[in-house]
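Here the structure is laid out as structure tokens; the discussion comes afterwards.
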Amino acid sequence: MDIDSEEEIEEHIVEQAIRDEIEFNEVVLSVARATVYHHNNFLIKKPCTNSPRTRWMFIMEILNGNDRRCHEHFRMEKHVFVKLCDRFRCYRLTSTEGVRLEEVVGMFLMILGHGVGNIIIQEKFQHSSETMSRQFGIVLEKMTMLALDEIRPPREFSEVPHYIRSNPKYWTCFKDCIRAIDGTHVRVSLPVDEQIPYIRRKGFPSQNIMVMCGFDMLFTFVWLGWEGSAHDAHKFLEALRNTELKFPIPLDDKYYLVDAGYPNMKGYLASYKGERYHLPIFCTSGEPTGSRETINYVYSSLRSVIERYFALHNFIRRDAIADVEFESYNEDEDYMPKDEESFMNLTIDESEMGVVRDKIARELMIV
């Protein structure tokens, strides 16, 4: 082997050693970078929910501050919020080491009252997503207990409602009327493959909820879970058939006011079909003419109580001294929001309540 060949071999060995060292150093550098990244992001975590002015301090600030702040955040007056917390204690809702009861109730009310998501409430109360979701579910379970206590019919229907008794506009002709029944729609979020039965005429999925309301603006019966496409009359008749619901049947000559989508049968008085009915229509097209339009007008005004103002609603209504959410509607007894559509005509004996309706129509023309 000549000298040139030996030098070439040595140069090749040196170059290979240099390349190996460079590759090794690159591997070491990559491992070091990965180690630093893991250390900074997973071993040494920067706190996210660590604001000193939230959690319990936020609740205390609201309860000790201006009355308006409590209503803006929780949709109720301070004394009602405190009483609601006491009520939840009766249902064995308790404070934990990391979350006080008042915080949990406040979080729940803000989600319901403002329609905000988990992230916003996390920032406001400085709790983790898991804590927020778990606590919301706990309060929701207790809310069903509150609903059973708050949404209940009266023990008897013998007494004429004060609202009718004290109003000459209704007393003479509607003294046997005890409640109003109607349906309302609440938007729901569902998987795409489950939405079709819940999509109503307005194009979005909803639940069709049947409610009964007294003229004191308290709900006394609520039935939910029906698809948004369900007919009001079908839902109503099923409520009458299902004894487990304990639907409060009117006694003797007493009756409920019902929407035109419900059958006009004994105990349930519906408006005349084919005539002007809703208050906004009369406001834009003039006073009612004839006995049928007159009773529809008065009927709509009386039944609008159910359109104006559920377990939580009743609690606030009973305990709030002057709840601002209800006052504006309460002052206008003719207020009626945009109408929900009515459904289906059923072949049902309407003769008895038809006679009652005709009698009231004639009396209204005399009054």
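The values are calculated or read from the model by the stated rules, or taken from the named source; none is laboratory data. Computed from a prediction, not measured in an experiment: that's the story for all the values here. All Cβ positions, even for glycine, are placed from backbone atoms using ideal geometry, and neighbour counts span all protein chains on display.
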Given (1) in a loop (DSSP other than H, G, I, E, B); (2) at pLDDT below 80; (3) surrounded by fewer than 17 Cβ atoms within 10 Å (Cβ to Cβ), number of the condition residue 252 does not satisfy: (2)
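Using the structure shown, decide if residue 212 is assigned to a loop (DSSP other than H, G, I, E, B) and closer than 28 Å to residue 163 by Cα.
no
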Pair list, Cβ under 8 Å, 6 or more apart: region 7-33 residue in a helix (DSSP H, G or I), other residue of a type in the set (D, E, K, R) and at pLDDT 80 or above: none
Qualifying positions in region 97-154 - of a type in the set (Gly, Ala, Ser) and farther than 17 Å from residue 81 by Cα: 98, 115, 117, 128, 129, 133, 137
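If you check 228, 286, 274, 261, which single one turns out to be within 26 Å of residue 361 (Cβ to Cβ), surrounded by 19 or more Cβ atoms within 10 Å (Cβ to Cβ) and in the same structural domain as residue 203 (by TED's automatic domain parsing)?
Working: 228 fails: within 26 Å of residue 361 (Cβ to Cβ); 286 fails: surrounded by 19 or more Cβ atoms within 10 Å (Cβ to Cβ); 274 fails: surrounded by 19 or more Cβ atoms within 10 Å (Cβ to Cβ).
The unique qualifying residue is 261.
Does residue 263 meet the test of being part of a loop (DSSP other than H, G, I, E, B) and within 22 Å of residue 150 (Cα to Cα)? Please lay out each step first, then the result.
On the way: part of a loop (DSSP other than H, G, I, E, B): yes; within 22 Å of residue 150 (Cα to Cα): no.
No; evaluated as a whole, the condition is false for this residue.
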Selection count where residues are under 13 Å from residue 58 (Cβ atoms) and in a helix (DSSP H, G or I), scope region 86-103: 2
